[in-house]
Amino acid sequence: MKALNRRAVVASLLERREGLLVVAGLGAPAWDCAAAGDHPLTFPLWGAMGSAAMIGLGLALAQPKRRVLVVTGDGEMLMGLGSLATIGVRRPGNLSIVVLDNERYGETGMQKTHTAYGVDLAAVARACGFATARIIRRSAEVSDVRSGIYRSKGPLFFQVKVKADALPLVLPPRDGAHLKHRFREALLGAQ
Amino acid sequence: MPGKASQPHSAEALDWPAAIHSALKSQRVRQVSYVPDAGHKRLIELCHADRSMTAVPLTTEEEGIGLAAGAWLGGERAALLMQSSGVGNCANALTLAATCGFPLLMLVTMRGEAGERNPWQVPMGQATPEALRLAGVRTLRLGRAEEASAVANTAAKVAFEEQGAVALLISQQLIGVKSFEEKR
């Protein structure tokens, strides 16, 4: 079975995104979100590896009426594995995590990650109390992911198996203060 | 007792965790994350009991740096409680404060200071002020119970009005030293 194309998955999740708030983990997930269209309510990370899910939790707790999506990679999620347990304590119903799992550290030479050796992130999320935790392998299932992140009671976790190919770079802005200010202004108005 | 501390021996003046809790509340802190320390026991309980706050237990301190950044993106203020041993765990996550200018309020109970009976607490405790400085975090010091309200309010203003990163270091002499003797 052919793994999914990460850009196509992210594009289908972020088209007609309504009021969705997005945190993008560093590396390819941030490029994928940029390729889907740079947006002030997307906060892409260029560092602080392992933090994406926790930024999503803080945002979801602060904005309980908005849907919050963390899009990150398997390497980034592995570095913040404990945050799945922390999310499992508060279980915000408006938070979803999509891990684009290519089983590789794509920015550093395509070394295998733990998931390539069989580590099951969705099972970890399930054990931590996520309402839904699934591995997604087929394009027909991507619509389930989309309906979940926009409508289902969370926290939701989708580990989406994607091809390990290096795609053209599409970079978001890298000025962290700018990314922060534009997000808050778009969400909260002028401060 | 010199100076303006007119009621240094009243129970209220000496309940410094309650004074910190009141300061956090008056500064509109809504998310309080923590890795426990015995010195934070009462403050953690007060935050859990406060319906205006969401208390978030962490598996490791760096999670709280991300949580605070997400809270700020969503328009809320956060505080992060830990002991000094946890400061080292935060190093790379502090990139968020240094690069993006996220406000950050850390409340750090000190180990490895005067009278410490666990030598394994000493290296990180002794390195804590300098480690924070290297990571771009300002430090303030709380050494006396009657100063808790004023110092905690100052720290919160540094974080949320100056929009800086600040750690309030709570001295071990204020907390007491862990005895390692059996409780009876």
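The values are calculated or read from the model by the stated rules, or taken from the named source; none is laboratory data. Values in this document were obtained by computation on a predicted structure and should not be read as measured data. No Cβ is skipped: glycine too gets one built from the backbone with ideal geometry, and neighbour counts run over all protein chains shown. All accessible areas refer to the heavy atoms of the entire protein, side chains included, with ligands and DNA or RNA removed. Shrake-Rupley method; radii C 1.70, N 1.55, O 1.52, S 1.80 Å.
Side notes on the structure shown:
- Residues in the range A:71-90 that are open to solvent by less than 40 Å² (accessible area, probe 1.4 Å), under 26 Å from B:Ser52 (Cα atoms) and β-branched (Val, Ile, Thr): A:Thr86, A:Ile87.
- In summary, A:Ala131 fulfils each of the numbered conditions (1) among the hydrophobic types (A, V, I, L, M, F, W, C); (2) out of contact with any Gly (no Cβ under 7 Å at 6 or more places or on another chain); (3) under 18 Å from A:Leu61 (Cα atoms) with the single exception of condition (2).
- Number of positions in the range B:150-184 that are under 16 Å from B:Ala19 (Cβ atoms), modelled with pLDDT of 95 or more and either of a type in the set (S, T, N, Q) or open to solvent by 20 Å² or more (accessible area, probe 1.4 Å) (or both): 6
- Of all residues making up the range A:136-172, the number that are charged (D, E, K, R), within 15 Å of the chain's Cα centre (by Cα) and not in a helix (DSSP H, G or I): 1
- Of all residues in the range A:91-104, those satisfying the criterion of being within 20 Å of B:Ser33 (Cβ to Cβ) and surrounded by fewer than 24 Cβ atoms within 10 Å (Cβ to Cβ) are A:Arg91, A:Pro92, A:Gly93, A:Asn94.
- Among the residues listed as B:Ala55, B:Ala79, B:Ala69, the single one being more than 19 Å from A:Gly176 (Cα to Cα), within 11 Å of chain A (Cβ to nearest Cβ) and either open to solvent by less than 30 Å² (accessible area, probe 1.4 Å) or in contact with a Ser or Thr (Cβ under 7 Å, 6 or more places away or on another chain) (or both): B:Ala55
- Count of residues meeting criterion [crowded, with 18+ Cβ neighbours inside 10 Å, without any contact (Cβ under 8 Å) to a residue 60 or more places away in the chain and in contact with a Leu (Cβ under 8 Å, 6 or more places away or on another chain)] in the range A:105-156: 10
- Here the helices (runs of 4 or more DSSP H) wholly within the range B:39-155 that include at least 3 residues being over 30 Å from A:Phe43 (Cβ atoms) are B:41-49, B:122-134.
- Residue among A:Pro168, A:Pro172 that is open to solvent by 70 Å² or more (accessible area, probe 1.4 Å) and within 19 Å of A:Ala30 (Cα to Cα): A:Pro168
- For the range A:67-84, filtered to residues that are in contact (Cβ under 8 Å) with a residue 40 or more places away in the chain and within 12 Å of another protein chain (Cβ to nearest Cβ), the residue that is nearest to B:Leu73 (Cα to Cα) is A:Val68.
- Residue match in the range A:91-106 (condition: modelled with pLDDT of 95 or more and assigned to a helix (DSSP H, G or I)): no
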